Amino acid sequence: MRNKYSVFSLIKNALSYHENWQRAWKDPAPKKEYDAVIVGGGGHGLATAYYLAKKHKMNNIAVVEKGWIGGGNTGRNTTIIRSNYLWDASAGLYDHALKIWEGLSQELNYNVMFSQRGVMNLAHNLQDVRDLKRRTHANRLNGIDAVYLSTEEVKKFCPIINTSPDIRYPVLGGTLQRRAGTARHDAVAWGYARGADAMGVDIIQNCEVKGIKRNGDSVEGIETTKGFIKTKKVGVVAAGHSSVIANMAGLRLPLESKPLQALVSEPVKPIIDTVVMSNAVHAYVSQSDKGELVIGAGTDDYVSYTQKGSHQIVEGTLNAILELYPIFSRMRMLRQWGGIVDICPDASPILSKTSIKGLYFNCGWGTGGFKATPGSGDLFAHTIANDEPHKLNAAFNLNRFVSGDLVDEHGAAAVAH
Amino acid sequence: MFLINCPYCGERDQQEFKAGGEAHIERPKQPTELSDDEWAEYLFMRKNIKGVQFERWNHSHGCRKWFNMIRDTSNDEIKAIYKMGEKPPSQ
């Protein structure tokens, strides 16, 4: 039985110096057989397991993770959550996630520190202005909150932005989604892990998948570093390593894995109470609850699995940050890191069945998967349990690269992730 | 971030170059006869290998010439560089 987290449990455990908290999830050895196995213990994988157990009553399932849970891109992103996407399919997908975020801490009994501090996207040229206005209208038609702001309104909403007309890329306006914001990324993985574990899901860490066993066109199980696990359903949620797993099953995916970098500054007092993104100059920044500026840089253009990235990418981002926020000119950066993101040609994800029965892929989230974590898990669980996609992820099938029915968010929505 | 030995200019910083993706993907000889599956394979599907991969690169801020590279994507180590049209050297 899982103890409930509350103010009373906090007081009770304080009396024993916080040394007797119940374990949040077990550390089981893999069983011989499961009804389904999720490959990848990041936020999306753990959420998938959670909803499989909760909504589809599949409790004899496991999550296998080659490292530790939440140690991949879940712990490496800049924690931004928003749903202001242009196309109907994307808007449906990301707003489904945002609606779950709004009640997630209560549902999981785990504080994911979801903070609807708003996300503002800046326009720096006339095309940006047209694109962002179009996107604002499209969002509102889809029932997603969005407003277009003038330069003065941008300045009023975030006073530290340099809105002077004589900078290289002046601020001509912007959009604001007030329901958008941030969440604590580690807590999302931990909350879902705890919730899934409580319903009987085995979370198996330090267990790397080495092969996928097929019998003709069906999945029979997976070879792992902890032995063979028999299962008829495998859901792969391996982000940057999706192609590696696909190759094991003899599949090819339309993905390229590239390093994406982020960095944080030394902690300072509250100075920016929202998230500001600028696609044209590729700079985005928010402030963590600890006080660090959280800055997202861009991807390198070459395939790499090194979790590093090139120095000039960071330099370019910081140039832009300094022009937009001269107040940050003396900030010192504390840490920089890279994650490997799997990018689709149309910059939209794949949540899909494959040509192999019982093998499902949830990948291609590229540079912006964190925001979708709860929705992605919910829809992928539906796809695995029913062997059919939910109507919200039907457009994000693998076959769209054959039919040509792409969800081309890349240029159209001017989205920085 | 690494140094790249351009076959025309010599060793230069990686930021002078643009990565051009997987190499040796042959353009279909009879495009009109291709099925949708074959188009998808040609246009979108990629090996995306973790390990030794064949790639095209362009010295975009230098001589602007294209060339091929064999690189280990798990540690960014460059194994070989050879010109367009040449056969990959045996490693």
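The values are calculated or read from the model by the stated rules, or taken from the named source; none is laboratory data. Computed from a predicted model, the values in this text were never measured in an experiment. Counting neighbours? That spans all protein chains shown, and the Cβs are built from the backbone with ideal geometry, glycine included. SASA here: full protein model, heavy atoms, side chains in, ligands and nucleic acids out. Shrake-Rupley method; radii C 1.70, N 1.55, O 1.52, S 1.80 Å.
Per-residue accessible area (protein heavy atoms, 1.4 Å probe) orders A:Met199, B:Met84 as B:Met84, A:Met199, starting from the largest. Equivalent ellipsoid of segment A:204-337: semi-axes from √(5λ) of the C-alpha gyration tensor, largest first, are 41, 16, 12 Å.
Compared with the dominant Cα axis of chain A, that is its longest principal axis, helix A:373-386 is turned about 30°. For a quick check, take a GNM of chain A with Cα springs below 10 Å and name the residue from A:Asn13, A:Asn319, A:Asn60 with the largest mean-square fluctuation. The residue that fluctuates most here is A:Asn13. Within 10 Å of the Cβ of each residue in A:295-305, the mean number of Cβ atoms contributed by other protein chains is 5. Sequentially through segment B:81-87, phi angles give Karplus couplings (6.51, -1.76, 1.60; θ = phi - 60°) of 10, 8, 6, 4, x, 7, 6 Hz, Gly and Pro residues having no value and appearing as x.
Reported to the nearest whole Å, the Cα centre-to-centre distance from segment B:31-91 to segment A:9-50 is 43. Only beta bridges with both residues in chain A are counted; by DSSP, about 70 percent of them are antiparallel. Straight-line cross-link partners of A:Lys269 among the lysines, defined as a Cα under 25 Å from its Cα and at least 8 positions apart when in the same chain: A:Lys155, A:Lys156, A:Lys290. Could you give the distance between the Cα centres of segment A:221-294 and segment A:316-337, to the whole Å? Between the Cα centre of segment A:221-294 and that of segment A:316-337, the gap is 22 Å.
Quick one: ranking A:Phe328, A:Phe8 by accessible area, 1.4 Å probe, largest first, what do you get?
Values: A:Phe328 15, A:Phe8 155 Å².
Descending order: A:Phe8, A:Phe328.
Based on the Stokes-Einstein relation at 37 °C and a viscosity of 0.692 mPa s, and on the Kirkwood radius from alpha carbon pairs, segment A:27-151 is assigned a translational diffusion coefficient of 189 µm²/s.
For A:Lys133, go through the aspartates and glutamates and keep the ones whose alpha-carbon is under 20 Å away, minus same-chain ones fewer than eight residues off. Candidates past the 8-residue exclusion: A:Asp88, A:Asp95, A:Asp145, A:Glu152, A:Glu153, A:Asp408, A:Glu409.
Expressed as a fraction of 2.2 N^0.38 Å, the C-alpha radius of gyration for the protein assembly as shown is 0.99. Charge dipole of chain A (Cα centre as origin; +1 on each Lys and Arg Cβ, -1 on each Asp and Glu Cβ, all else neutral): 900 debye, rounded to the nearest 20. By the rule of a C-alpha distance below 16 Å, with chain neighbours fewer than 8 residues away ignored, the lysines paired with A:Lys230 are A:Lys31, A:Lys32, A:Lys210, A:Lys213, A:Lys357.
With all projection directions averaged, the alpha carbon convex hull of segment A:100-161 covers 5.5 nm². Calculated accessible area for chain A comes out at 41 Å² per residue, all protein chains present (probe 1.4 Å; ligands, DNA, RNA ignored). Ranking A:Thr299, A:Thr224, A:Trp25 by Cα position along the charge dipole of the protein assembly as shown, where only Lys, Arg, Asp and Glu carry charges on their C-beta atoms, puts A:Trp25 farthest toward the positive end. The packing ranking, built from the mean of other Cβ atoms within 10 Å per residue, places the peptides A:146-158, A:368-380, A:207-219 in the order A:368-380, A:146-158, A:207-219, highest first.
Taking 4.7 Å between C-beta atoms as the pairing limit, chain B has these partnerless cysteines: B:Cys63.
Chain A contacts chain B over a buried accessible area of about 2200 Å², both sides summed; the probe is 1.4 Å and only protein chains count.
Normalised by residue number, the volume inside the convex hull of the Cα atoms of segment A:285-417 is 148 Å³ per residue.
Using a simple charge model, +1 on the beta-carbon of Lys and Arg, -1 on the beta-carbon of Asp and Glu, nothing else, what dipole does segment A:310-417 show about its Cα centre, in debye to the nearest 20?
360
Ordering A:Ala146, A:Gly235, A:Ala187 by the projection of their Cα atoms onto the charge dipole of segment A:109-265, which places +1 on the Cβ of Lys and Arg and -1 on the Cβ of Asp and Glu, puts A:Ala146 at the extreme positive end.
Would you work out which of A:Leu46, A:Asn362, B:Ile70 lies farthest towards the positive end of the dipole of the protein assembly as shown, given +1 charges on the beta-carbon of Lys and Arg and -1 on that of Asp and Glu, about the Cα centre? Positive-end residue among those listed: A:Leu46. Taking every residue in A:307-319 and counting other chain Cβ atoms within 10 Å of its Cβ, the average works out to 2.
In peptide A:238-246, what is the residue-averaged number of other protein chain Cβ atoms found within 10 Å of each Cβ?
Across the residues of A:238-246, the mean count of other-chain Cβ atoms within 10 Å is 2.
Which of B:Gln14, B:Gln53, B:Gln30 ends up with the largest GNM mean-square fluctuation for chain B, with Cα atoms connected below 10 Å? With Cα springs under 10 Å in chain B, the top fluctuation among B:Gln14, B:Gln53, B:Gln30 is at B:Gln30. Report summary: the helix-based calculation at 222 nm, which adds -39500 (n - 2.57) for every DSSP H run with n ≥ 4 and divides by the residues of the protein assembly as shown, gives -8000 deg cm²/dmol. Reducing segment A:131-174 and segment A:176-206 to their Cα centroids gives an inter-centroid distance of 32 Å. Taking the Cα centre of segment B:37-91 as origin and assigning +1 to Lys and Arg Cβ atoms and -1 to Asp and Glu Cβ atoms, the resulting dipole is close to 280 debye.
Keeping the other protein chains in place, figure out the carbon and sulfur percent of the accessible area of chain A, with a 1.4 Å probe. The nonpolar share, carbon plus sulfur, comes to 53 percent. Most fluctuating residue of B:Lys50, B:Lys65, B:Lys29 in a GNM of chain B with Cα springs under 10 Å: which is it? The residue that fluctuates most here is B:Lys29. Take A:Gln22, project a point 7 Å from its Cα along the Cβ direction, then tell me which residues of segment A:103-127 have their backbone nitrogen under 16 Å from it. The answer is A:108-111, whose backbone nitrogens lie closer than 16 Å to the label point. Remark: chain B carries 60 Å² of accessible area per residue (probe radius 1.4 Å; ligands, DNA and RNA excluded). Under the combined filter of DSSP loop state and at most 15 neighbouring Cβ atoms within 10 Å, segment A:317-349 retains these trypsin sites (Lys or Arg not before Pro): A:Arg330, A:Arg332.
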